[in-house]
Amino acid sequence: HCDAEYGGSSTVELQQGEAEGEGTARFAGQTVTEIDSDNSSVSPETGKRAVYAGWAAMRTDVEGDGWDLKDFHGIRLRVRPDGRGYMLNLRTVGILGGEDVDIYQARMPPSPVLGDWCELRLPFSAFVLTSRGYVQHSQAMNLETLKEVGLLVADKQT
(Lines give C-alpha, C1' and ligand atoms only; values in the text may rest on other atoms or scores of the structure.)
Protein backbone atom coordinates (compact mmCIF):
# COMPACT_ATOMS: atom_id res chain seq x y z
CA HIS A 1 0.00 0.00 0.00
CA CYS A 2 1.67 3.27 -1.07
CA ASP A 3 1.15 6.55 -2.91
CA ALA A 4 1.25 4.64 -6.25
CA GLU A 5 -2.39 3.71 -5.56
CA TYR A 6 -3.16 7.41 -5.96
CA GLY A 7 -0.89 8.17 -8.89
CA GLY A 8 2.42 8.52 -7.03
CA SER A 9 5.60 6.61 -7.84
CA SER A 10 6.60 4.92 -4.56
CA THR A 11 6.87 1.13 -4.25
CA VAL A 12 6.56 -1.19 -1.25
CA GLU A 13 6.77 -4.89 -0.48
CA LEU A 14 7.14 -7.11 2.55
CA GLN A 15 9.90 -9.67 2.07
CA GLN A 16 10.68 -12.74 4.14
CA GLY A 17 13.75 -12.18 6.29
CA GLU A 18 16.97 -13.70 5.00
CA ALA A 19 19.85 -14.35 7.40
CA GLU A 20 18.19 -12.55 10.31
CA GLY A 21 16.50 -15.71 11.55
CA GLU A 22 13.06 -17.21 11.72
CA GLY A 23 10.09 -14.91 12.07
CA THR A 24 11.66 -11.84 10.49
CA ALA A 25 10.40 -9.70 7.65
CA ARG A 26 11.86 -6.86 5.63
CA PHE A 27 9.78 -3.80 4.79
CA ALA A 28 11.29 -2.81 1.43
CA GLY A 29 10.70 -0.44 -1.44
CA GLN A 30 11.40 3.10 -2.51
CA THR A 31 9.65 6.33 -1.63
CA VAL A 32 9.48 8.99 -4.31
CA THR A 33 8.64 12.42 -2.91
CA GLU A 34 8.04 14.31 -6.14
CA ILE A 35 4.68 14.52 -7.88
CA ASP A 36 5.00 15.05 -11.63
CA SER A 37 2.28 17.66 -12.16
CA ASP A 38 3.11 17.90 -15.90
CA ASN A 39 2.07 14.30 -16.42
CA SER A 40 -0.81 14.54 -13.93
CA SER A 41 -0.45 10.91 -12.97
CA VAL A 42 -3.76 9.35 -11.99
CA SER A 43 -4.05 5.90 -10.47
CA PRO A 44 -5.55 3.43 -12.96
CA GLU A 45 -6.93 1.46 -9.98
CA THR A 46 -8.70 4.25 -8.10
CA GLY A 47 -8.86 7.12 -10.59
CA LYS A 48 -7.43 9.39 -7.89
CA ARG A 49 -4.59 11.84 -8.31
CA ALA A 50 -1.63 11.89 -5.92
CA VAL A 51 -1.72 14.83 -3.52
CA TYR A 52 0.90 13.59 -1.03
CA ALA A 53 3.93 11.64 -2.15
CA GLY A 54 6.75 9.76 -0.49
CA TRP A 55 4.85 7.30 1.68
CA ALA A 56 4.47 3.53 1.88
CA ALA A 57 2.70 1.29 4.38
CA MET A 58 1.78 -2.28 5.15
CA ARG A 59 -0.60 -3.85 7.61
CA THR A 60 -1.60 -7.31 8.67
CA ASP A 61 -4.54 -8.81 10.51
CA VAL A 62 -3.77 -10.40 13.86
CA GLU A 63 -4.72 -14.02 14.41
CA GLY A 64 -8.17 -15.09 15.53
CA ASP A 65 -10.63 -12.58 16.93
CA GLY A 66 -7.87 -10.12 17.83
CA TRP A 67 -5.35 -9.78 20.60
CA ASP A 68 -6.36 -8.88 24.14
CA LEU A 69 -3.59 -6.56 25.38
CA LYS A 70 -5.26 -5.04 28.44
CA ASP A 71 -2.73 -6.72 30.75
CA PHE A 72 0.25 -5.24 28.88
CA HIS A 73 1.87 -1.80 28.86
CA GLY A 74 3.04 -1.57 25.26
CA ILE A 75 4.58 -3.17 22.20
CA ARG A 76 8.13 -4.51 21.94
CA LEU A 77 9.73 -4.84 18.51
CA ARG A 78 13.08 -6.07 17.30
CA VAL A 79 14.10 -3.78 14.45
CA ARG A 80 17.08 -2.91 12.29
CA PRO A 81 16.70 0.85 11.67
CA ASP A 82 17.76 2.68 8.54
CA GLY A 83 17.44 6.26 9.84
CA ARG A 84 14.07 7.06 8.29
CA GLY A 85 10.92 8.12 10.13
CA TYR A 86 8.49 5.26 10.73
CA MET A 87 5.12 5.06 12.44
CA LEU A 88 3.59 1.97 14.02
CA ASN A 89 -0.16 1.70 13.51
CA LEU A 90 -2.54 -0.29 15.70
CA ARG A 91 -6.17 -0.84 14.68
CA THR A 92 -8.58 -1.76 17.43
CA VAL A 93 -12.30 -2.41 17.58
CA GLY A 94 -13.81 1.05 17.38
CA ILE A 95 -14.89 3.10 20.32
CA LEU A 96 -14.82 6.35 18.32
CA GLY A 97 -18.42 7.19 17.41
CA GLY A 98 -19.68 5.33 14.34
CA GLU A 99 -16.37 3.73 13.34
CA ASP A 100 -15.74 -0.03 13.04
CA VAL A 101 -12.06 0.38 13.89
CA ASP A 102 -9.96 3.05 15.56
CA ILE A 103 -6.42 3.71 14.32
CA TYR A 104 -3.71 4.65 16.81
CA GLN A 105 -0.28 5.77 15.65
CA ALA A 106 3.09 6.15 17.38
CA ARG A 107 6.33 7.50 15.98
CA MET A 108 9.16 5.01 16.19
CA PRO A 109 12.11 6.84 17.77
CA PRO A 110 15.37 6.90 15.80
CA SER A 111 18.10 4.50 16.82
CA PRO A 112 21.59 5.81 17.61
CA VAL A 113 23.10 2.88 15.69
CA LEU A 114 21.91 2.39 12.12
CA GLY A 115 21.85 -1.06 10.56
CA ASP A 116 22.20 -3.02 13.83
CA TRP A 117 19.38 -5.00 15.38
CA CYS A 118 17.91 -3.36 18.47
CA GLU A 119 14.91 -3.65 20.72
CA LEU A 120 12.29 -0.93 20.53
CA ARG A 121 9.63 -0.51 23.20
CA LEU A 122 6.59 1.64 22.54
CA PRO A 123 4.27 2.14 25.51
CA PHE A 124 0.58 2.36 24.66
CA SER A 125 0.68 5.92 26.03
CA ALA A 126 2.86 6.87 23.01
CA PHE A 127 -0.01 6.13 20.59
CA VAL A 128 -2.48 8.81 19.49
CA LEU A 129 -5.92 8.25 18.04
CA THR A 130 -6.22 9.35 14.40
CA SER A 131 -9.08 9.61 11.94
CA ARG A 132 -8.56 10.25 8.23
CA GLY A 133 -5.00 11.41 8.99
CA TYR A 134 -5.92 13.86 11.77
CA VAL A 135 -5.11 13.44 15.46
CA GLN A 136 -8.26 13.20 17.54
CA HIS A 137 -8.88 14.29 21.11
CA SER A 138 -7.18 12.07 23.63
CA GLN A 139 -9.06 8.84 24.04
CA ALA A 140 -8.00 5.60 25.71
CA MET A 141 -7.13 2.77 23.34
CA ASN A 142 -9.42 -0.24 23.35
CA LEU A 143 -6.80 -2.80 24.39
CA GLU A 144 -9.25 -5.68 24.54
CA THR A 145 -9.38 -6.31 20.78
CA LEU A 146 -6.39 -5.38 18.62
CA LYS A 147 -7.31 -6.24 15.02
CA GLU A 148 -4.36 -5.09 12.86
CA VAL A 149 -0.74 -4.01 13.14
CA GLY A 150 0.86 -1.82 10.49
CA LEU A 151 4.00 0.09 9.59
CA LEU A 152 4.23 3.39 7.71
CA VAL A 153 7.16 5.36 6.33
CA ALA A 154 6.64 8.90 5.08
CA ASP A 155 9.76 10.66 3.88
CA LYS A 156 8.07 13.86 2.77
CA GLN A 157 4.64 15.19 1.98
CA THR A 158 4.39 17.81 -0.71
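The values are calculated or read from the model by the stated rules, or taken from the named source; none is laboratory data. As the structure is a prediction and not an experimental result, all values here were calculated from the model. We place every Cβ from the backbone using ideal geometry, glycine too, and count neighbours over all the protein chains shown. Accessible surface is based on the protein model in full, side chains and every heavy atom, while ligands, DNA and RNA are left aside. Shrake-Rupley method; radii C 1.70, N 1.55, O 1.52, S 1.80 Å.
Listed values, structure above:
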quantity	calculated
Restricting the stretch 57-158 to trypsin sites (Lys or Arg not before Pro) in coil, as DSSP defines it, with at most 16 other Cβ within 10 Å	Lys70, Arg84, Arg132, Lys156
Rounded accessible area of Ile95 (nearest 10 Å², 1.4 Å probe)	80 Å²
Residue order for Cys2, Cys118 - accessible surface, 1.4 angstrom probe, largest first	Cys118, Cys2
Of the GluC sites (Glu not before Pro) in the stretch 74-158, those whose Cβ has at most 15 other Cβ within 10 Å and which sit in DSSP loop	Glu99, Glu144
Cα shape, the stretch 65-158, gyration tensor, a/c 1.5 rule	oblate
